[in-house]
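Below: one structure, written as structure tokens.
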Amino acid sequence: MILPIVAYGDTVLKKVSTTIDAGYPEIKKLISDMYETMYEAHGVGLAAPQIGKNIRLFITDGSPIESLKDAGFKKVFINPEIIEESGQEWVYNEGCLSIPDIREDVMRLPQLKIKYLDENFEEHTETYDGVAARIIQHEYDHLEGILFIDHLSALKKQLLKGKLSNISRGKTDAEYRMKFPLANKR
Ligand code: NI
């Protein structure tokens with residue numbers, strides 16, 4: 001089932017999400033719905049707050065990105081914990097399904113170590129670098145109520161204000177189902 005993706009301006013995107021346990025109702029169905037939703041929107045990552053749930057869960061599939069095509073970066077991350085980040089900051093042009101039509105350069109560290117549970121609630125500790133690490137950092141931020149635009153300078157954010165306000169009101173060309181917090185307000 002394709003779920004509507006919550007647009008910028010909704011408070012669900014600004015909250016710190018809570019951990020879940022294996023008893024969480026219909027988790028397998030939720031994960032499969034999130035995959036369907038992400039593929040429909042041509043995304044490479046989707047976090048639970050983006051479909052309106054403040055729980056610590058995100059999914060990835062980097063296969064549309066050339067460098068990740070064969071890497072098998074299709075993963076479910078539950079209750080993830082970034083243990084360390086390292087290396088020299090690098091720039092990557094990020095976008096977000098909740099903030100259509102906006103892409104900006106964001107600086108982050110290139111390597112990370114992460115501990116998480118998979119869809120069967122089995123624990124893993126793994127290291128990632130490059131674009132895979134970047135996707136994880138972006139999605140992990142969503143669980144902390146942080147958006148990629150929060151990493152931009154105050155000036156840059158100011159310049160995006162009008163565009164962001166339009167997104168909240170539903171004025172966007174996004175070709176996937178969305179939920180807009182201010183759709184009927186002026
Ligand atoms: Ni995002």
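Overview of results
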{"item": "Label-point separation in nm, residue 102 to residue 115, each point 7 Å along Cα→Cβ", "result": "3.4"}
{"item": "GluC sites (Glu not before Pro) within segment 70-145: DSSP coil, no more than 11 neighbouring Cβ in 10 Å", "result": "89, 122"}
{"item": "FRET E, pair residue 165, residue 122, Förster distance 41 Å, beta-carbon r, rounded to 0.05", "result": "0.45"}
{"item": "Probe 1.4 Å - accessible area at residue 127, Å² to nearest ten", "result": "100"}
{"item": "Efficiency of FRET between residue 26 and residue 176 - r from beta-carbon atoms, R0 30 angstrom, step 0.05", "result": "0.85"}
{"item": "Projected-area mean, segment 57-138, by convex hull of Cα positions, square nanometres", "result": "5.6"}
{"item": "Restraint check, 74/171; 15/69; 75/156; 28/163; 14/179, Cα-Cα greater than 27 Å", "result": "74/171; 15/69; 75/156; 28/163"}
{"item": "Point-to-point label distance, residue 65-residue 153, nm (Cα→Cβ direction, 7 Å offset)", "result": "2.5"}
{"item": "Fraction in percent of alpha-carbon pairs per bin - 10 Å, the chain", "result": "9, 37, 38, 14, 1"}
{"item": "222 nm mean residue ellipticity, helices alone, for the chain (DSSP H n ≥ 4; -39,500 (n - 2.57); rounded to 500)", "result": "-7500 deg cm²/dmol"}
{"item": "Segment 1-54: mean projected area of Cα convex hull, nm²", "result": "3.9"}
{"item": "Global geometry of segment 1-109, whether rounded, prolate or oblate, following the gyration tensor of its Cα atoms and the 1.5 cut on a/c", "result": "rounded"}
{"item": "In order through segment 167-176: 3J(HN,Hα) via Karplus (6.51 cos²θ - 1.76 cosθ + 1.60), integer Hz, x for Gly, Pro", "result": "4, 4, 8, x, 8, 8, 9, 3, 9, 9"}
{"item": "Separation between Cα centres of segment 164-186 and segment 14-82, rounded to whole Å", "result": "22"}
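The values are calculated or read from the model by the stated rules, or taken from the named source; none is laboratory data. Bear in mind that the values here come from a model prediction, so they are computed numbers and not experimental data. Methodologically, a virtual Cβ is constructed for each residue, glycine included, from the backbone with ideal geometry; neighbour enumeration extends over all protein chains shown. Accessible surface is based on the protein model in full, side chains and every heavy atom, while ligands, DNA and RNA are left aside. Shrake-Rupley method; radii C 1.70, N 1.55, O 1.52, S 1.80 Å.
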